[in-house]
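For reference, the structure discussed in these notes is given below.
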Amino acid sequence: MLDETTKNLLVVEVNKLLPENSENRLISAMRYVLLAPAKHIRSFLVIASSAIFNIKVEKAITAAAAIEFIHAYSLIHDDLPCMDNSDTRRGQPSCHKKFGEATAVLAGDALLTLAFEVLSLLNCEIIKVLSQAIGMKGMVGGQILDIGADFDKIKEIHLMKTAKLFAASCEIGAIIGGATDKEREALYNYGINLGLIFQAKDDIEDYEQDKTNNLMSVLGKNEMENYIDSLFKQASDNLNTPSGNTSDLYDLLNQVKKDG
């Protein structure tokens, strides 16, 4: 994931784009979620994908911060009583438990709009890619689908809710780096496969804890391992296309396959 230096740069960027204001309850709620301990996988994907094309972190950090805004917005809304009704997130009370439901809804809305405000200063193509990943054909559309009892339905939910934002993060890095269409497509597909592995590992953990009805319960242990191995191979093959050094993305792929 992000090393300490890059994490610090990300925090500096967040502070620049959303300065602390203890008297503003909305800003406090937004920062509460943004600055909580996290893996920062999506922002890492932006930075690592752009680095393939010799782009320095400083040039990609604003887009990476915007991706964190989007992810934080999705977590806030996912946790609401009308959605997943989760009381905790990242080891602390969820946003609506800390600040109230109304403030949490508004904090999520504000993070979403701030992300696009920030990205509008960078590249319109990035806005198009991100909109497709998180709208009705992506994250939001996946959120409304019911968990089905078959492989195809569950994979569709994984694709829409998780993998498309992973893929968009990679593609945004490729756009910043001036990648060719072929390189951009390969990194997008890598993000899809990585996101599906990430969600599959999450399903394994959930199933082991409480026998949740998910992909693990549908496929079983052996088929689940085969599914993850197939995705891993596809993701590895995707990384053969870009002309630059993809070792950071390959290391992340190995880490996600091992630990989720």
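The values are calculated or read from the model by the stated rules, or taken from the named source; none is laboratory data. On a predicted model such as this, the values are computed, not experimentally measured, just so you know. Here the Cβ positions follow ideal geometry from the backbone for every residue, glycine too, while neighbour counts run over all protein chains shown.
Leu219 meets each of the listed conditions (1) modelled with pLDDT of 95 or more; (2) among the hydrophobic types (A, V, I, L, M, F, W, C); (3) surrounded by fewer than 22 Cβ atoms within 10 Å (Cβ to Cβ) apart from (1). Every listed requirement among (1) in contact (Cβ under 8 Å) with a residue 40 or more places away in the chain; (2) surrounded by 15 or more Cβ atoms within 10 Å (Cβ to Cβ) is met by Arg90 save one, (2).
Conditions tested, residue by residue: (1) among the aliphatic types (A, V, I, L, M); (2) under 16 Å from the mean Cα position of the chain (by Cα).
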position: Val118; (1), (2): yes, no
position: Met136; (1), (2): yes, no
position: Leu165; (1), (2): yes, yes
position: Gly177; (1), (2): no, no
position: Asp210; (1), (2): no, no
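Being in contact with a His (Cβ under 9 Å, 6 or more places away or on another chain), part of a helix (DSSP H, G or I) and not small (Gly, Ala, Ser) is the requirement here; does Thr103 meet it? Considered against the rule, which asks whether it is in contact with a His (Cβ under 9 Å, 6 or more places away or on another chain), part of a helix (DSSP H, G or I) and not small (Gly, Ala, Ser), Thr103 comes out as yes. Restricting Ala174, Ala167, Ala200 to residues that are touching a helix residue (DSSP H, G or I) at 6+ places or on another chain (Cβ under 6 Å), closer than 19 Å to Leu219 by Cα, among the hydrophobic types (A, V, I, L, M, F, W, C) and assigned by TED's automatic domain parsing to the domain that holds Gly220 narrows the list to Ala200. Put simply, of Leu187, Leu196, Leu253 the only residue that is touching a Gly at 6+ places or on another chain (Cβ under 8 Å) and among the hydrophobic types (A, V, I, L, M, F, W, C) is Leu187. Restricting the range 224-260 to residues that are under 19 Å from Glu185 (Cα atoms) and of a type in the set (Asp, Glu), which is surrounded by the most Cβ atoms within 10 Å (Cβ to Cβ)? Taking the candidates together, the pick is Asp248. Only one of the listed residues (Ile61, Ile52) is in contact with a Pro (Cβ under 8 Å, 6 or more places away or on another chain), among the hydrophobic types (A, V, I, L, M, F, W, C) and within 23 Å of Leu2 (Cβ to Cβ). That residue is Ile52. In the set Glu205, Glu171, Glu183, which member is within 28 Å of Leu2 (Cβ to Cβ), in contact (Cβ under 8 Å) with a residue 24 or more places away in the chain and more than 19 Å from the chain's Cα centre (by Cα)? None of the others qualify; the one that does is Glu183. Scan the helices (runs of 4 or more DSSP H) fully inside the range 179-260 and keep the ones with 2 or more residues being closer than 18 Å to Leu165 by Cα and among the basic types (Lys, Arg). Once the helices (runs of 4 or more DSSP H) in the range 179-260 are filtered for at least 2 residues that are closer than 18 Å to Leu165 by Cα and among the basic types (Lys, Arg), what remains is 181-210. For the range 192-201, the criterion of being buried (at least 18 other Cβ atoms within 10 Å of the Cβ) and either without any contact (Cβ under 8 Å) to a residue 24 or more places away in the chain or over 19 Å from the mean Cα position of the chain (by Cα) (or both) is met by no residue.
Pairs linking a residue in the range 54-83 that is surrounded by fewer than 24 Cβ atoms within 10 Å (Cβ to Cβ) to a residue that is assigned to a loop (DSSP other than H, G, I, E, B) and among the charged types (D, E, K, R), with Cβ atoms under 6 Å and 6 or more positions apart or on different chains, are Asp78/Asp84.
Checking each residue in the range 210-246 for being touching an Asp or Glu at 6+ places or on another chain (Cβ under 8 Å) and either of a type in the set (Val, Ile, Thr) or closer than 30 Å to Ser50 by Cα (or both) picks out Thr212, Val218, Thr241, Pro242, Ser243. Glu101 meets each of the listed conditions (1) over 21 Å from Ala36 (Cα atoms); (2) free of Cβ contacts under 8 Å to residues at least 40 places away in the same chain apart from (1). Taking the criterion of being out of contact with any strand residue (DSSP E or B) (no Cβ under 9 Å at 6 or more places or on another chain), of a type in the set (Gly, Ala, Ser) and either part of a loop (DSSP other than H, G, I, E, B) or over 21 Å from Thr162 (Cα atoms) (or both), the residues of the range 30-68 that qualify are Ala38, Ala51, Ala60.
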